[in-house]
Amino acid sequence: FSLSRLCITIDMPDRIEAERNITSGAGTKSVTYDSVFYALPTIALTGNDLASGDFFTLSNEAVTGFDVLFKNSGGSDVSKIFNYQAKGY
């Protein structure tokens, strides 16, 4: 018996993890997923009641979670409520 070629296909179903109404606190907020993703997921994040000039930065994106930091137009850390959705497998 001789094997010259083997092909394996693995289909991992997509999954979505999401949370609503998380308070960030005035500093970096670390978010940890309930279950670890196999590969880095895509993250969609929305801030609630942002004032003109408010913005956020995502950092330390990993299969286990991410960090988010909200700032106002002057660059000071501010506490905001946000929602996120992570999609991956």
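The values are calculated or read from the model by the stated rules, or taken from the named source; none is laboratory data. Values in this document were obtained by computation on a predicted structure and should not be read as measured data. Neighbour counts run over all protein chains shown; Cβ positions are idealised from the backbone, glycine included. Heads up: the accessible areas ignore ligands, DNA and RNA and are worked out on the full protein's heavy atoms, side chains in. Shrake-Rupley method; radii C 1.70, N 1.55, O 1.52, S 1.80 Å.
Placing +1 on the Cβ of every Lys and Arg and -1 on the Cβ of every Asp and Glu, with no other charges, gives the chain a dipole of roughly 140 debye about its Cα centre. Peptides 26-32, 80-86, 15-21 ranked from most to least packed, by the mean per-residue count of other Cβ atoms within 10 Å: 80-86, 26-32, 15-21. Taking each residue as 0.36 nm, the span from S76 to T46 lengthens on full extension beyond its C-alpha to C-alpha distance by 8.9 nm.
Taking all Cα pairs closer than 8 Å and separated by 6 or more residues, the relative contact order of the chain comes to 44 percent. Of the residues S73, T23, A62, the one whose Cα sits farthest towards the positive end of the charge dipole of the chain is A62 (charges of +1 on Lys and Arg Cβ, -1 on Asp and Glu Cβ, taken about the Cα centre). Within the assembled protein chains, the solvent-accessible surface assigned to L6 is about 130 Å², based on a 1.4 Å probe.
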